[in-house]
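Structure record follows, encoded as structure tokens.
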Amino acid sequence: MARRGMMDWAGGGLPGLAASPMAEAAALARADHHRHGEHPLVFDDPLALALVNPAYRLLVRPRLGAWAGRLTGFHRTFLAGAASTLARSRFTEDALVAAAETGLDQYVILGAGLDSFAWRRPAGMESLRLFEVDLPAVLADKQARARRAGLPQPSYADPVPLDLATPDLLPTALAQAGFDADRPAFFAWLGVAYYLSPEACCSLIAAVGRCTAPGSHLVLDVLDAGAFAQPRLPELLAKTRRIARLFGEPLPGGLLREQLAAPLAGAGFAVAQSLGPGQLAARYLAGRRDLCEVLPHLQVVHAVKPPIGGT
Ligand SMILES: C[S@@+](CC[C@H](N)C(=O)[O-])C[C@H]1O[C@@H](n2cnc3c(N)ncnc32)[C@H](O)[C@@H]1O
């Protein structure tokens, strides 16, 4: 897939910026939270900083980002985006831990970006195999960053280079990496649906359905229809889109929460839980002064393929 990145619009003058600037922004949010967040943290990722471009690290370390952001009005958008990123990651990894306790031992991250799970695999998950799916350039960039940070590729983590706009290739690509479609797996698909057309999202859900055994899980985030109910997008969403476009990663699409039930059911999944902005804020942000709101109309959805004999 042709991608126009920061390198292009910066005329190649800014070396080393991420192949996926929005993945970099998500890692930056986790790094910033680890470094400066109020305790208890919403989600602790002590390795995010190591994967962030050194130029961006300067933003985290002395909190220059916050000062510059206040001046440019960017700060509120960054904080709402950061809170959303942290809340969905926390929700996902809590559900993953619970699933792993039942014996599930395969974790697939669709659009893994700079997620550092490969090096953070928690105690008790020693048998978990990880499959990281993303565009080839993004995975290569991540591997180069990890090498530079002294983080060797773990034997239990396999990169699966794939353009998710061609979702039909997913089952084969995973199988070639050693994924066992006959055993339950946990799929996380965070911050990615916005890049794909609704049709590609539906095909991707169908593809996940074809390669998942009963007892599997899928967590994803989407917007609800209310986001588009007004003539204009709510300001925070419009700004997020503008920033993504500016950085060469337009977010044209996605599937709406209201459109999820049919493709999920067709793939054998039932929604177990769906949290909107108010529920996410109440669960993860209550009483905090560092993070106050998540992006409006965000929905984090946890779908489960019922185990055999289950409901
Ligand atoms: C906003 S980042 C989120 C990364 C990660 N899931 C997280 O939460 O930190 C979106 C990710 O989706 C990936 N992505 C976007 N379009 C894709 C496509 N067509 N195929 C594979 N990955 C894609 C990007 O490269 C990027 O890594």
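The values are calculated or read from the model by the stated rules, or taken from the named source; none is laboratory data. None of the values given here were measured: they were computed from a predicted structure. Please note: Cβ atoms are built from the backbone with ideal geometry, for glycine as well, and neighbour counts cover all protein chains shown.
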Item checked: Conditions (1) surrounded by 19 or more Cβ atoms within 10 Å (Cβ to Cβ); (2) out of contact with any Lys or Arg (no Cβ under 9 Å at 6 or more places or on another chain): number failed by P234 -> (1)
Notebook entry, point to check: What number of residues in region 257-277 are over 20 Å from the mean Cα position of the chain (by Cα) and within 12 Å of V300 (Cα to Cα)?
Noted result: 0
Item checked: Set A188, A213: member being touching a strand residue (DSSP E or B) at 6+ places or on another chain (Cβ under 6 Å), under 24 Å from L96 (Cα atoms) and not in a helix (DSSP H, G or I) -> A188
Next item on the list: Please work out if Q153 is in contact with a helix residue (DSSP H, G or I) (Cβ under 8 Å, 6 or more places away or on another chain) and polar (S, T, N, Q).
Entry: yes
Next item on the list: State all residues of region 78-106 that are more than 10 Å from the ligand (Cβ to nearest atom), under 23 Å from L237 (Cβ atoms) and touching a strand residue (DSSP E or B) at 6+ places or on another chain (Cβ under 8 Å); if no residue qualifies, say none.
Entry: A87, F91
Checklist line | Residue among A157, A188, A165, A200 that is within 10 Å of the ligand (Cβ to nearest atom) and within 17 Å of T92 (Cβ to Cβ) | finding: A188
Notebook entry, point to check: Between residues in region 188-199 that are under 13 Å from E132 (Cα atoms) and among the aromatic types (F, W, Y) and residues that are more than 9 Å from the ligand (Cβ to nearest atom) and assigned to a strand (DSSP E or B), which pairs lie under 6 Å by C-beta distance while being six or more apart or on different chains?
Noted result: W189/L220
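Yes or no, residue by residue, for (1) farther than 15 Å from L204 by Cβ; (2) of a type in the set (F, W, Y); (3) at pLDDT below 95:
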{"residue": "E126", "(1), (2), (3)": "yes, no, yes"}
{"residue": "L130", "(1), (2), (3)": "yes, no, no"}
{"residue": "D134", "(1), (2), (3)": "no, no, no"}
{"residue": "A146", "(1), (2), (3)": "yes, no, no"}
{"residue": "D163", "(1), (2), (3)": "no, no, no"}
{"residue": "D168", "(1), (2), (3)": "no, no, no"}
{"residue": "Q176", "(1), (2), (3)": "yes, no, no"}
{"residue": "P184", "(1), (2), (3)": "yes, no, no"}
Item checked: Odd one out for R88, checked against (1) assigned to a helix (DSSP H, G or I); (2) over 11 Å from the mean Cα position of the chain (by Cα) -> (2)
Check: Within region 107-145, which residues are more than 7 Å from the ligand (Cβ to nearest atom), in contact with a strand residue (DSSP E or B) (Cβ under 6 Å, 6 or more places away or on another chain) and more than 19 Å from G215 (Cβ to Cβ)?
Finding: A118, E132, P136, L139
Check: For region 16-31, does any single residue satisfy the condition of being surrounded by 13 or more Cβ atoms within 10 Å (Cβ to Cβ), at pLDDT below 80 and among the hydrophobic types (A, V, I, L, M, F, W, C)?
Finding: yes
